[in-house]
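Visitor: Encoded as structure tokens, here's the structure I'll be asking about.
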Amino acid sequence: MEICALCEDQSKKARNGKPHEYLQKVDAPRVFKGLKPRGFEEQDYQCQTCRAKFTNSTDKNDLSWTLWQG
Ligand SMILES: [Zn+2]
């Protein structure tokens with residue numbers, strides 16, 4: 001699957017990078033309150049240009065932006 005240049009950049013962003021302008025939120029954030037003291041959230045995004053999907057996680061042990069191929 002081809003992804004656009006903005007998504008290419010997004011997949012390399014460091015923690016707390018902001019979503020690029022064509023990334024739109026998909027559904028509500030998922031909140032995890034597990035073993036960690038404060039829990040964390042995941043938010044799905046989809047690109048309106050190339051339809052690539054990302055998940056943004058606030059979990060400190062996770063990558064901030066995860067690209068879902070296909
Ligand atoms: Zn894209």
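The values are calculated or read from the model by the stated rules, or taken from the named source; none is laboratory data. Everything numeric in this text was worked out from a predicted model, so none of it was measured. Here the Cβ positions follow ideal geometry from the backbone for every residue, glycine too, while neighbour counts run over all protein chains shown. These accessible areas exclude ligands, DNA and RNA; they are computed on the full protein's heavy atoms, side chains included. Shrake-Rupley method; radii C 1.70, N 1.55, O 1.52, S 1.80 Å.
Visitor: Starting from residues that are away from the ligand (no atom under 14 Å from the Cβ), open to solvent by 80 Å² or more (accessible area, probe 1.4 Å) and not charged (D, E, K, R), keep the ones in region 33-62 and report whichever is modelled with the highest pLDDT.
Guide: Looking at the filtered set, the residue picked out is Thr58.
Visitor: Can you pull out the residues in region 1-27 that are open to solvent by 60 Å² or more (accessible area, probe 1.4 Å) and modelled with pLDDT of 95 or more?
Guide: The answer is Ala5, Leu6, Glu21, Tyr22, Gln24, Lys25.
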